[in-house]
Amino acid sequence: MRKIVRVIRVIIVSIFLLAGFLVLARLLVGGGEDTWICVDGEWVKHGVPYAPMPEKGCGI
């Protein structure tokens, strides 16, 4: 019985660690939510950027 409980604990901890890793990876790789994006040679707002629109050309 103790062995089953131990296995269940390991599975639960592993699930939480995997979920934490996936959230961290999403935050690090996903990029900013509030930024400017270059679309077809023009700057387009994505979210509510705190910075003004970039002055440099887009896609050049």
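Some observations on this one:
- The listed residue being of a type in the set (Gly, Ala, Ser) and within 17 Å of the chain's Cα centre (by Cα), out of GLY59, GLY20, GLY41: GLY20
- Subset of region 21-60 that is of a type in the set (Gly, Ala, Ser) and at positive phi - its residue that is surrounded by the most Cβ atoms within 10 Å (Cβ to Cβ): GLY47
- Test: residue in region 28-39 that is in contact (Cβ under 8 Å) with a residue 12 or more places away in the chain, in a loop (DSSP other than H, G, I, E, B) and of a type in the set (D, E, K, R): yes
Rule-based calculations on the coordinates, nothing more; no lab input. The structure displayed is predicted, hence computed values, not measured ones. Note that we place each Cβ from the backbone using ideal geometry, even for glycine, and neighbour counts take in every protein chain shown.
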